[in-house]
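K.L.:
Supplied in structure tokens, the structure appears directly below.
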Amino acid sequence: LPASLIFDMDGVLVDSNAFHVQKWVVFLDEHRISYKAEELPQYVLGYRNDTAFRYFFGPQISEAEIQKLNEALEEWFRREFKPHAKPVPGLSALVEECHRAGIPMAVASSAMSKNVEFVVDALGWRKYFRSLLTGDEVTHPKPHPEIYLKTAEKLGLAPAHCVAFEDSFVGLESAKGAGMKCVAIASTFPREKLERHGQADLVVGSFEDLSLE
């Protein structure tokens, strides 16, 4: 059995990525910044927002400006997503099974702390997670392995004994870079693309295809 299960949040715990793409569409249109709609997901999903801000506004954007824009952007997301916050199909069964088996679980998400707490509380799942690590708590965001290494450290476990669940390429690279096993959920990117990427130990269509065993 795995020593621990560690979940990314957006696209893994909740089906929120369409809302994240939409918040960027609204935001970039408001700021009259041009982008290719079909390319937007690969620039904004899985990354921490400061990476995307630097990409769209240029590397000269200040930390203070990023902070201000980020607050407005994520407030929009929480307001719009709130009525839709529910676990992805099949996940409740797996989480409850692991909880009963006494396997510690954690969240490792590039999102800001306010968003992670908002989602975990909306699901009523705080009791399940031993630790929540967010984009606010790391120096190097995903694809750097820092967030997964720190999560394993918080759990007091060797990364090699932990299994991470990810939906994005940056997330996969982060988990594998930390030396963890990684299951890719094809909720955001097509299964073939994730399989071709070749980093995941297992690619599944959804949590309905998984049990603890």
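K.L.:
Over the chain, calculate the relative contact order: mean separation of alpha carbon pairs under 8 Å at least 6 apart, over the residue count, as a percent.
P.N.:
26 percent
K.L.:
Please report the orientation-averaged projected area of the chain, defined via the convex hull of its C-alpha atoms, in nm².
P.N.:
Averaged projected area of the chain's Cα convex hull equals 11.1 nm².
K.L.:
Next up: Place a label point 7 angstrom from the Cα of Glu75 along the Cα-to-Cβ direction, then list the residues of region 1-38 whose backbone nitrogen is under 20 Å away.
P.N.:
19-32
K.L.:
Let me know the whole percent of all Cα-Cα pairs from region 75-177 that are separated by more than 17 Å.
P.N.:
56 percent
K.L.:
While we're here: Tell me the label-point distance for the pair Asp29, Gln67, using the 7 Å Cα-to-Cβ offset, in nm and rounded to one decimal.
P.N.:
Computed distance between label sites Asp29 and Gln67 equals 3.0 nm.
K.L.:
I've got another one for you. Let me know the charge dipole size of the chain about its Cα centre in debye, to the nearest 20, where only the beta-carbon of Lys, Arg (+1) and Asp, Glu (-1) is charged.
P.N.:
Dipole magnitude for the chain comes out near 220 debye.
K.L.:
Hey, what's the Kirkwood Rh for region 55-113 if you take every pair of different alpha carbons, in angstrom?
P.N.:
One over the average 1/r among Cα pairs gives 15.0 Å for region 55-113.
K.L.:
So for each of 183-190, 72-79 I average, over its residues, the number of other beta carbons within 10 Å; can you give me the resulting order with the highest mean first?
P.N.:
Averaged packing, sorted descending, gives the order 183-190, 72-79.
K.L.:
Sticking with this structure for a sec: Please list, or write none, the lysines whose alpha carbon is within less than 22 Å of the alpha carbon of Lys36, excluding same-chain residues fewer than 8 places away.
P.N.:
The qualifying lysines are Lys23, Lys193.
K.L.:
In addition: May I ask you to work out the translational diffusion coefficient for region 1-104 at 37 °C, viscosity 0.692 mPa s, via Stokes-Einstein with Rh from the Kirkwood sum over Cα pairs, reported in whole µm²/s?
P.N.:
209 µm²/s
K.L.:
Assuming 0.36 nm per residue, please report the length gained on full extension of the stretch Ala3 to His161 beyond their Cα-Cα distance.
P.N.:
That pair, Ala3 and His161, stretches by 56.3 nm at full extension.
K.L.:
May I pose another question? Go ahead and run the numbers for FRET between Arg191 and Glu39, Cβ-Cβ distance against an R0 of 22 Å, rounding to 0.05.
P.N.:
The value I calculate is 0.60.
K.L.:
Quick one: compute the contact order of region 116-200, relative version, from alpha carbon pairs under 8 angstrom and 6+ residues apart, as a percent.
P.N.:
With pairs under 8 Å counted, the relative contact order is 23 percent.
K.L.:
At a 10 angstrom cut-off on C-beta neighbours, averaged per residue, how do the peptides 120-129, 161-170, 14-23 rank from highest to lowest?
P.N.:
Per-residue mean Cβ counts within 10 Å order the peptides as 161-170, 14-23, 120-129.
K.L.:
Measure off 7 Å from each Cα along the Cα-to-Cβ vector at Val21 and Lys114, then give the distance between these two points in nanometres to one decimal.
P.N.:
Computed distance between label sites Val21 and Lys114 equals 2.5 nm.
K.L.:
Cut-off under 16 Å on the C-alpha distance; same-chain residues fewer than 8 positions from Lys150 excluded. Which lysines are left, in chain and number order?
P.N.:
Lys142, Lys176, Lys181
K.L.:
What area, in nm² and to one decimal, does the C-alpha convex hull of region 135-213 cast on average over all directions?
P.N.:
Over all viewing directions, region 135-213 projects a mean Cα-hull area of 5.3 nm².
Taken together, the values in this text are just the output of simple stated rules run on the coordinates, not laboratory data. This is a predicted model, so every value here is computed, not measured. Glycine gets a Cβ as well: all are built from the backbone with ideal geometry, and neighbour counts include every protein chain shown.
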